[in-house]
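Asker: Would you mind keeping the following structure in view while I ask a few things?
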Protein chains: 2
Amino acid sequence: MRLAALALKNIDYETVAINLTKDGGQQFSGEFQALNPMKQVPALKIDGITIGQSLAIIEYLEETRPTPRLLPWDPKKRAQVRMVSDLIASGIQPLQNLSVLKQVGQENQLTWAQQAITSGFNALEQILQSTAGRYCVGDEVSMADLCLAPQVANADRFKVDLTPYPTISRINKSLLALEAFHVSHPCRQPDTPPELRA
Amino acid sequence: MRLAALALKNIDYETVAINLTKDGGQQFSGEFQALNPMKQVPALKIDGITIGQSLAIIEYLEETRPTPRLLPWDPKKRAQVRMVSDLIASGIQPLQNLSVLKQVGQENQLTWAQQAITSGFNALEQILQSTAGRYCVGDEVSMADLCLAPQVANADRFKVDLTPYPTISRINKSLLALEAFHVSHPCRQPDTPPELRA
């Protein structure tokens, strides 16, 4: 999601591909741990500091490179953007990331991930029905959309049926039509394995 | 953590106790779901809107009631505060909350929770060693501290050995000496069961 943020804000960047499964997980290397002790992507080196955690990165970019905005002007709308973002980043994503799925065991992974995503999407669909316009909150792309698109990509990966989530699906479709979301899609990264490319 | 935020900012509030285990979990009631579709505490009704998700609540309070500050003035320090907050709110808390532990099954709960907390605390201790002063980031109480204190209370509950985390332990001790953290401690809430009271 931070790649879309960088793209939307026209910030030049260099990516360092970290293969989460190769060599037992390159995120466990000493070099990457020095950058991000959490042993999870992403980490951004910028302005002489290193920031881990996607939302902290986006909030920093927003405060230091405010144009174009990724948070609305109105505090109540900003609260909605952050509520949707946190719901995804804290309520769904961590429950179906690689290290948790490893712990759950191979035979339970799919059910576990689907359960985490559908339970989160049930709540999200209900919230979005009152906050969404063309995008998650109103008609402007925000941090919430940067969270939504990769989460829907994950739902696809885990074969979650999206029929019960018309608002989520509709917003995701609008997002994928945008250049910044197109270039940052997980299937189009320099380190995407050939079988996942689109 | 939002109770400490309300206390620090001197905002009057009324709490509605939601018992997560009584009646099969009161967070699943129709009334509470209308307030917070995620079926998780907390939700705050304020200024005519309802905000779910702890960090979204604190950011809103900060933007609308800026004194006393819960985010530093310097954008780089703010990034550190948010990184620590997100690490706890996305990287630790969701992995050891009630609904996940239910899924994991009674006999695995303790090991699972301890693993989630120690893995997060290993990263957190390393980050705090470079950001902390008296509190998580420098010498002023921030949103990061509001995340830290309840997470250490959870670590205690799950009998995590805190010896490897001297910085976390030291900060937590400083926090518990503050009135706002004292009144908002999980063991002192109106709905705390008698056996957990202190």
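Please treat every number below as a calculation from the coordinates, not as lab data. These numbers come from a predicted model, not from an experiment. Because the Cβ atoms are built from the backbone with ideal geometry, glycine has one as well, and the counts that use them run over all protein chains shown.
Asker: Show me the three semi-axes of the equivalent ellipsoid for segment B:75-183, from the C-alpha gyration tensor (sqrt of 5 times each eigenvalue), largest first, rounded to whole Å.
Answerer: 24, 14, 13
Asker: Ok, one more. Using a label point 7 Å beyond Cα on the Cα-Cβ vector, give me the inter-copy distances for A:LYS173 in nanometres, one decimal, shortest first.
Answerer: Shortest to longest, the spacings are 6.0 nm.
Asker: Turning to a different aspect of this structure: To one decimal in nm, how far is A:SER130 from the same spot in the other copies, if labels go 7 Å from Cα toward Cβ? Please give the shortest first.
Answerer: Taking the point 7 Å beyond Cα along Cα→Cβ, the inter-copy spacings are 4.1 nm.
Asker: What list of whole percents do you get for P(r) of segment A:38-138, with Cα-Cα distances grouped in 10 Å bins up to the one holding the largest distance?
Answerer: Going out from 0 Å in 10 Å bins, segment A:38-138 shows 13, 35, 33, 16, 2 percent.
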